[in-house]
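Inspection log for the structure reproduced underneath, given as structure tokens.
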Amino acid sequence: MYEVKKYGGLVSVHATNGYMIDYLVAKHRAEGKLSPLYHYLSQPEITEAEATGRFADIAYYTGVNAYVVHLTCEGALNRIKYAAARNQKVFAETCPQYLLLDASLYEKGFESAKWVMSPPLREKKDREVLWAGINQGFIQVVATDHCPFKLEQKKMGENDFSKIPNGMPGIENRLELLFSEGVVKGRIDVNKFVEITSTNAAKIFGIYPEKGTIAIGSDADIVIFAPDEKHIISAKTHHMNCDYSGFEGWQITGKCKTVLLRGKVAVDNNKAFIGKGFGRYFKRDVLMC
């Protein structure tokens, strides 16, 4: 942390207590408790809350810029709030699945493997706390740990939850889910929607104002969005290379129609118009938040 601070950098962490989790995984396996439910029960809220607080404390002591990825629960968010109370800024990110899904999905037998990820889905009360945390400014970014596996790959853990590959597909529907469940349902306003999906991340990771805003001199990275268009999320129609969706059958209001990247049409009406080699290395600066 001292070394990163020297250069104005940012330390990002997946905040969970691995020792506690490893112990609980071994305990459940020894007891013959091998279904996906025990993936969830091996990572209780305290494992994330404790690690989030520990990270925030060490960052406070060293004075380094700090960022917690995929924060999922009330306990962890409370540690972020505690840091803010001592005038420390710990940036926090959550993901659509933690805002919209909950641990009841781990009661579906092996089908639950679709939602095996780390940290796991949490309780319904945590969803409401996370939405509030966004509006209160304690959570600055809603990203996606897009980590897809085919169902056949998930079957590696059919007889042992600890062998299920962790992750689910999510990147294609992030904006649409957040708009439909956030803006349309009145949980956040449209300005907050833009902040948590674009502007804040650009500022935190040192690529603003080239990214994260529409302005003279900025890269023309623009999404043209149809706010009233309804559609249904399904593995049958998504473009991700994965044979299931964690949101199968959800009716969504709002659709990404066209994506411009540096002024060039990258995607239009579900068709890609750029290929490999169009990416450009971007040298980041210090954070702007």
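Looking only at residues that are outside any helix (DSSP H, G or I) and of a type in the set (D, E, K, R) in the stretch 100-157, which one is modelled with the lowest pLDDT? Only one residue tops the list, namely ASP145. Kindly evaluate GLU31 against the criterion of being among the acidic types (Asp, Glu) and surrounded by 19 or more Cβ atoms within 10 Å (Cβ to Cβ). No. Screening LYS114 on (1) farther than 25 Å from VAL11 by Cβ; (2) of a type outside the set (Gly, Ala, Ser); (3) more than 19 Å from the chain's Cα centre (by Cα) shows it passes everything except condition (3). Just one of (1) within 19 Å of THR199 (Cα to Cα); (2) not in a loop (DSSP other than H, G, I, E, B) fails for LYS257. It is (1).
Answer yes or no as to whether SER198 is part of a helix (DSSP H, G or I) and touching a residue at least 24 places away in the same chain (Cβ under 8 Å).
Numbers: part of a helix (DSSP H, G or I): yes; touching a residue at least 24 places away in the same chain (Cβ under 8 Å): no.
No.
Summed over the stretch 215-251, residues that are part of a strand (DSSP E or B), farther than 22 Å from THR199 by Cβ and touching a strand residue (DSSP E or B) at 6+ places or on another chain (Cβ under 6 Å) total 5.
Looking across the stretch 189-214, just one residue is touching a strand residue (DSSP E or B) at 6+ places or on another chain (Cβ under 9 Å), farther than 18 Å from PHE138 by Cβ and hydroxyl-bearing (Ser, Thr, Tyr), and that is SER198. None of SER245, SER234 is closer than 25 Å to SER118 by Cα, surrounded by 19 or more Cβ atoms within 10 Å (Cβ to Cβ) and not hydrophobic (A, V, I, L, M, F, W, C) except SER245. Checking each residue in the stretch 56-81 for being within 15 Å of the chain's Cα centre (by Cα) and among the acidic types (Asp, Glu) picks out no residue at all. Checked against (1) in contact with a strand residue (DSSP E or B) (Cβ under 9 Å, 6 or more places away or on another chain); (2) surrounded by fewer than 16 Cβ atoms within 10 Å (Cβ to Cβ); (3) not hydroxyl-bearing (Ser, Thr, Tyr), GLY186 passes all but condition (1).
Entry remark, the stretch 239-261: residues being at pLDDT 95 or above and closer than 19 Å to PHE225 by Cα number 12 in total.
Taking into account only those residues within the stretch 1-28 that are touching a Ser or Thr at 6+ places or on another chain (Cβ under 7 Å) and within 28 Å of ALA202 (Cβ to Cβ), which is surrounded by the most Cβ atoms within 10 Å (Cβ to Cβ)? So, considering only residues that are touching a Ser or Thr at 6+ places or on another chain (Cβ under 7 Å) and within 28 Å of ALA202 (Cβ to Cβ), the one surrounded by the most Cβ atoms within 10 Å (Cβ to Cβ) is ALA15. Selection over the stretch 203-232 of residues that are of a type in the set (Gly, Ala, Ser) and touching a residue at least 40 places away in the same chain (Cβ under 8 Å) gives a count of 2.
Criterion first (within 18 Å of the chain's Cα centre (by Cα) and modelled with pLDDT under 95) does GLY170 satisfy it?
Values: within 18 Å of the chain's Cα centre (by Cα): yes; modelled with pLDDT under 95: yes.
In short, yes.
Restricting attention to the stretch 1-50, the residues that are in a helix (DSSP H, G or I) and of a type outside the set (A, V, I, L, M, F, W, C) add up to 18.
Mind checking which residues of the stretch 133-168 are among the aliphatic types (A, V, I, L, M) and in contact with a Pro (Cβ under 7 Å, 6 or more places away or on another chain)?
Of the stretch 133-168, the ones among the aliphatic types (A, V, I, L, M) are 134, 139, 141-143, 151, 156, 164, 168.
If the condition is that a residue be among the aliphatic types (A, V, I, L, M) and in contact with a Pro (Cβ under 7 Å, 6 or more places away or on another chain), then VAL142, MET156, ILE164, MET168 are the ones that fit.
For the stretch 46-82, taking the residues that are in contact with a strand residue (DSSP E or B) (Cβ under 7 Å, 6 or more places away or on another chain) and surrounded by fewer than 20 Cβ atoms within 10 Å (Cβ to Cβ), the one that is nearest to GLN140 (Cα to Cα) is identified as VAL69.
The values are calculated or read from the model by the stated rules, or taken from the named source; none is laboratory data. Being a predicted model, the structure only gives us computed values, none of them experimental. All Cβ positions, glycine included, derive from the backbone under ideal geometry; neighbour counts span all protein chains shown.
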